[in-house]
Amino acid sequence: MLRFQGTRNWVYPLWIDGRFQRLRRWAFLALHLILFLTPWISIGGNQALRFDLQERRLYAFGAIFTASDTLLLLFLLLFLAFSLFFFTSLYGRLWCGYACPQTVFLEAWVRPIERWLEGERATRMRRDQGPWTAGRALRKAAKWALFLVAAFIVSMAFMSYFAGARELWTGRAGPVEYTLVGIFTVAWFWDFAWFREQFCNFLCPYARFQSVLQDPDTLTISYDPARGEPRGADAKKSGRCIDCKKCVVVCPAGIDIRNGFQLECIGCAACIDACDSVMTRLGHRSLVVYGTLNQLQGKPTRRLQVRTVVYAALLLALAVATGAVLATRVPFEASVGRAPGSLYTLDDDGRVRNTFLLRIANNTASADSVAFQLALELEGLPDAELIAPEVKLAPEEGRLVPLVVRVRAHDVVARTIPLRLRVRSPLGERVLATTFKSGGESGEEERARAEH
Ligand code: SF4
Ligand code: SF4
């Protein structure tokens, strides 16, 4: 940990095995598989999950979402935020201990590499406190080189969700993408080589909110002082804690859980497994346990607090709203506007002509082209004539389509008439609002001229 006077207590966590560490390793394996394999899965010819920032599109398991789906993105972000609040109020920092990328990469890559090259805790400490020798320099260099490789692989995996896995890993992505990979690689390397647990202590906003997200009924990792205290080696005079400090030396946050709840604790459960390994030899249960503060104090625990119910209700409401938006979603975009610089013209046959530009994009990823049939609806002017080319769009194709609307001059009595354009397709329909312009009643003379 970084002290305020500027020096850092380097943490040398001892490797520990146990049921929770085995559970974490399975979780890390599953998360690695998801991270590295998902970008290589193809659905409907597109990457299963990809945020194409250039095209401003999200490819998500066969569906394509664009800027017009911002409401869904908002619902998704709110859903994720409230899920985190909900689970934190019930289960504390399970995310930090089992699924946060910071924890996953430190435990799955950094610490094994460090142990492999520099030895276990005692050896690492002795070497770091000793003089710089050729062997120590060589070990450090090899370790940092491997950290750099790990940081690069992690950054490439992360950027695969944005630049496209195939393009990125085969060198076909653009310079911006590779520059970002470089920046992320440097950031991860700095984190792996030096910053580590300080990220949780000083930068992570989620860690900062723990005190307001948790309550005495939240599941946390705690030391049981009723069984453990007074601590000491004399089994006759003391509680069960023999003060072996194994729960302290395994802690990647460098804290002593026996001092009570601390914000630095990431809920990794290493201290539970450590104490378990000591206590089972003495015929007891671990003194560090998963439990609520109320349980430890012998009070009843109420898992369903008011705020938990409120979070659950909000999650349900968001799920229903998202489902409703998805069910009524039309997977194509369309917008219409007047052609730049055009107001209206009077044709030789006495009709008033307006020119529009229809911007239309097919947001499906199916292999078949979808034909968009255009239908026009004019409020109060049913005899309007629409001149439009036939529009057939391939999946993901977008086009600008010129449209001409002509109305008999006698039929237009106002200068601006609300106009609705209905765009029908096999995928659904959209109704677009615009206006038809004419000379209105003041155009009488023009009309008369056109008629003679
Ligand atoms: S106190 Fe225990 S659970 Fe918390 S970070 Fe340390 S070892 Fe992990
Ligand atoms: S590992 Fe258990 S017995 Fe050893 S110091 Fe920690 S709480 Fe006490």
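The values are calculated or read from the model by the stated rules, or taken from the named source; none is laboratory data. All figures in this text were calculated on a predicted structure; none of them were measured in a lab. All Cβ positions, even for glycine, are placed from backbone atoms using ideal geometry, and neighbour counts span all protein chains on display. Side chains are part of the model used for accessible areas, which takes the heavy atoms of the whole protein and leaves out ligands, DNA and RNA. Shrake-Rupley method; radii C 1.70, N 1.55, O 1.52, S 1.80 Å.
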key: Qualifying residues in region 360-390 (those that are open to solvent by less than 40 Å² (accessible area, probe 1.4 Å) and under 16 Å from LYS437 (Cα atoms)) - the one modelled with the highest pLDDT   = ALA384
message = Return the residues of region 229-246 that are open to solvent by 20 Å² or more (accessible area, probe 1.4 Å), without any contact (Cβ under 8 Å) to a residue 40 or more places away in the chain and touching a Gly at 6+ places or on another chain (Cβ under 8 Å); say none if nothing qualifies.
response = GLU229, PRO230, ARG231, SER238, ASP243
ask   = Of the conditions (1) open to solvent by 20 Å² or more (accessible area, probe 1.4 Å); (2) touching a residue at least 40 places away in the same chain (Cβ under 8 Å), PRO340 fails just one. Which one is it?
value = (2)
ask   = Being open to solvent by less than 20 Å² (accessible area, probe 1.4 Å) and farther than 20 Å from ILE257 by Cα, is that true of even one residue in region 198-205?
value = no
task = Write out, first by first residue and then by second, each pair whose Cβ atoms fall under 7 Å of each other, whose residues are 6+ apart or on separate chains, and whose first residue, in region 419-442, is among the hydroxyl-bearing types (Ser, Thr, Tyr) while the second is not in a strand (DSSP E or B).
result = SER438/TYR344; SER438/VAL412; SER438/ARG415
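Take VAL249 and decide whether it is within 13 Å of ILE16 (Cβ to Cβ) and either loosely packed, with under 15 Cβ neighbours inside 10 Å or in contact with a Leu (Cβ under 6 Å, 6 or more places away or on another chain) (or both). Break it down stepwise before answering.
Numbers: within 13 Å of ILE16 (Cβ to Cβ): yes; either loosely packed, with under 15 Cβ neighbours inside 10 Å or in contact with a Leu (Cβ under 6 Å, 6 or more places away or on another chain) (or both): yes.
The answer is yes for VAL249.
Answer with yes or no whether PRO225 is over 16 Å from VAL11 (Cα atoms) and exposed (fewer than 15 other Cβ atoms within 10 Å of the Cβ).
Details: over 16 Å from VAL11 (Cα atoms): yes; exposed (fewer than 15 other Cβ atoms within 10 Å of the Cβ): no.
The answer is no for PRO225.
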remark   = Within region 433-452, of all residues that are open to solvent by 20 Å² or more (accessible area, probe 1.4 Å) and modelled with pLDDT of 80 or more, the one farthest from the chain's Cα centre (by Cα) is LYS437
task = Restricting attention to helices (runs of 4 or more DSSP H) lying wholly within region 119-186, give those where 2 or more residues are touching a Leu at 6+ places or on another chain (Cβ under 8 Å).
result = 134-163
inquiry  = Among (1) outside any loop (DSSP other than H, G, I, E, B); (2) surrounded by fewer than 22 Cβ atoms within 10 Å (Cβ to Cβ); (3) more than 10 Å from ligand 2 (Cβ to nearest atom); (4) touching a residue at least 12 places away in the same chain (Cβ under 8 Å), there is one condition PHE261 misses while meeting the rest; what is its number?
reply    = (1)
message = Being of a type in the set (Phe, Trp, Tyr), more than 16 Å from ligand 1 (Cβ to nearest atom) and under 33 Å from the mean Cα position of the chain (by Cα): is that true of PHE332 here?
response = yes
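Got a sec? Which of ALA141, ALA163 is open to solvent by 20 Å² or more (accessible area, probe 1.4 Å), farther than 25 Å from TYR98 by Cα and among the small types (Gly, Ala, Ser)? Full working, then the answer.
Numbers: ALA163 fails: open to solvent by 20 Å² or more (accessible area, probe 1.4 Å).
Going through ALA141, ALA163 in turn, the sole match is ALA141.
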ask   = Any residue in region 314-326 that is part of a loop (DSSP other than H, G, I, E, B) and either within 16 Å of ligand 1 (Cβ to nearest atom) or modelled with pLDDT of 90 or more (or both)?
value = no
ask   = Taking into account only those residues within region 200-256 that are within 13 Å of ligand 1 (Cβ to nearest atom), under 21 Å from VAL289 (Cβ atoms) and in a helix (DSSP H, G or I), which is nearest to the chain's Cα centre (by Cα)?
value = GLN210
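Within region 314-325, count every residue that is free of Cβ contacts under 8 Å to residues at least 24 places away in the same chain and open to solvent by less than 60 Å² (accessible area, probe 1.4 Å). Explain how you work it out, then say what you get.
As a first pass, look at region 314-325 and keep what is free of Cβ contacts under 8 Å to residues at least 24 places away in the same chain: 316-317, 320, 323-324.
With open to solvent by less than 60 Å² (accessible area, probe 1.4 Å) added as a condition, the list becomes 317, 323-324.
Adding up the residues that qualify gives 3.
Do we find a residue being open to solvent by less than 20 Å² (accessible area, probe 1.4 Å) and either modelled with pLDDT of 90 or more or within 14 Å of ligand 2 (Cβ to nearest atom) (or both) anywhere in region 206-214? So that I can check it myself, show each step before the final result.
To start, the set of residues in region 206-214 that are open to solvent by less than 20 Å² (accessible area, probe 1.4 Å) comprises 207, 210, 213.
Filter again for either modelled with pLDDT of 90 or more or within 14 Å of ligand 2 (Cβ to nearest atom) (or both), leaving none.
No, region 206-214 contains no residue that is open to solvent by less than 20 Å² (accessible area, probe 1.4 Å) and either modelled with pLDDT of 90 or more or within 14 Å of ligand 2 (Cβ to nearest atom) (or both).
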key: Failed condition for ARG353, given (1) out of contact with any helix residue (DSSP H, G or I) (no Cβ under 8 Å at 6 or more places or on another chain); (2) charged (D, E, K, R); (3) in a loop (DSSP other than H, G, I, E, B); (4) over 30 Å from LEU74 (Cβ atoms)   = (3)
remark   = Given the conditions (1) open to solvent by 40 Å² or more (accessible area, probe 1.4 Å); (2) modelled with pLDDT of 95 or more; (3) on the phi < 0 side of the Ramachandran plot; (4) not hydroxyl-bearing (Ser, Thr, Tyr), every one holds for ASP273 apart from (1)
query = Taking region 167-197, which residues are open to solvent by 50 Å² or more (accessible area, probe 1.4 Å) and either on the phi > 0 side of the Ramachandran plot or in contact (Cβ under 8 Å) with a residue 40 or more places away in the chain (or both)?
reply = GLY171, TRP188, PHE189
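For region 276-305, enumerate the residues that are in a helix (DSSP H, G or I), within 16 Å of ligand 1 (Cβ to nearest atom) and open to solvent by 40 Å² or more (accessible area, probe 1.4 Å). Can you show your working first?
Step one: filter region 276-305 for residues in a helix (DSSP H, G or I), giving 276-282, 293-296.
From what's left, within 16 Å of ligand 1 (Cβ to nearest atom): 276-279, 293, 296.
Listed by number, the residues that qualify are LEU293, LEU296.
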